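Any read-out appearing in this document is the output of simple, stated calculations on the displayed coordinates, not a laboratory observation. Here the structure is a predicted model, which means the values were calculated and not measured. Note: ideal-geometry Cβ built from the backbone for every residue, glycine included; neighbour counts use all protein chains shown.
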Amino acid sequence: MIKVTNLSHYYNKDLALENINLEIKSGEFIAIIGESGSGKSTLLSVLSTLLKPSSGDIIYENINYNDIKNIDDFRKNNIGFIFQFHYLINYLSVKENINLANEKASKDEIFDLLKLLGIENLINKYPNEISGGQRQRVAIARALINNPKIIFADEPTGNLDSKNSLNVFELFKTFANTGTTIIVATHDKNLAQLANKIYEVKDGKIE
Ligand SMILES: Nc1ncnc2c1ncn2[C@@H]1O[C@H](COP(=O)(O)OP(=O)(O)OP(=O)(O)O)[C@@H](O)[C@H]1O
């Protein structure tokens, strides 16, 4: 699904990623761990096409990153993003927030997805009427509504208590079992144990 070879990234002259090689298979749940500043976010940004690497190759199925003609379309059709902060819009309902990611999604489709996440009763609520854990589940629904092949999540539980964090990782496991590739950066080594595979980044290198 994703094959990375000899990937390096510099911010100006500072090396942030050094000669990364990895292969991620379809439906794998991958955790990227490492200390603050080790390079987790940079690796995730590069893998998810948000940042163009200084050198190296990334191949998605059979397409080389450098050969993708319309990166916006590629992202829209293939990738879902989840961040530490949910970035929901307060004056839009849960349903409307999800429709921002896919305006064609019907109320029934959104309801079914929310049901999978255990929050279908919140469909007409507004973000400030629901809990932090519920907001993050809405953000997960928003990432899933386009049926992406790959989900990238950068510290998705950074803002949640341990119970909600575990819940989010268990949801990731469920979605990985249905064939979605999940790649999560976290500093939480215990949560990372729930993934199929853990990569540790240290000083910009994979251990
Ligand atoms: N936009 C940027 N410009 C310059 N340097 C950056 C930028 N983003 C990150 N860096 C540097 O690159 C290195 C890796 O940072 P990165 O954010 O990838 O680490 P991280 O493991 O995700 O850290 P954290 O867990 O604190 O988010 C650090 O030395 C950081 O200071």
*Once you have the Kirkwood Rh of the stretch 44-125 from its Cα pairs, apply Stokes-Einstein at 10 °C and 1.306 mPa s and quote D in µm²/s.*
105
*Taking only Cα atoms, what is the 0 to 90° angle, nearest 10, from helix 132-144's long axis to the longest principal axis of the chain?*
70
*Long-range HN-HN contacts of LYS205 with modeled amide H, under 5 Å*: GLU18
*C-alpha long axis of helix 107-116 to longest principal axis of the chain, angle in °*: 70
*Between SER54 and ILE89, how many nm apart are label points set 7 Å from Cα along the C-beta direction?*
3.8
*GNM on the chain, C-alpha springs below 10 Å: top fluctuator among TYR11, TYR87, TYR126?*
TYR11
*Would you mind counting up the charge near LYS76? Only other residues with Cβ under 15 Å from its Cβ, with Lys and Arg at +1 and Asp and Glu at -1.*
+2
*Hey, got a sec? Which trypsin sites (Lys or Arg not before Pro) in the stretch 42-115 land in a DSSP loop and have at most 10 other Cβ atoms within 10 Å?*
LYS69, LYS104
*Quick one: helix 162-177 against the long Cα principal axis of the chain, what's the angle to the nearest 10°, folded into 0 to 90?*
80
_Less than 15 Å Cβ to Cβ from VAL168, Lys/Arg counted +1 and Asp/Glu -1: what total charge do the surrounding residues give?_
0
*FRET efficiency, 1/(1 + (r/R0)^6) with R0 22 Å, evaluated for PHE111 and THR178 via beta carbons*: 0.75
*For the chain, compute Rh as the Kirkwood radius over C-alpha pairs and then the Stokes-Einstein diffusion coefficient at 10 °C and 1.306 mPa s; write the answer in µm²/s, rounded to an integer.*
91
*Point-to-point label distance, GLN193-GLU23, nm (Cα→Cβ direction, 7 Å offset)*: 2.9
*Give me the distance in nm between label points sitting 7 Å out from Cα along the Cα-to-Cβ direction at TYR126 and ASN62, one decimal.*
5.0
*Fluctuation leader among THR178, THR186, THR157 - the chain, Gaussian network, Cα springs under 10 angstrom*: THR178
*Name the most mobile residue of ASN167, ASN190, ASN21, meaning the one with the largest mean-square fluctuation, in a Gaussian network model of the chain with Cα contacts below 10 Å.*
ASN190
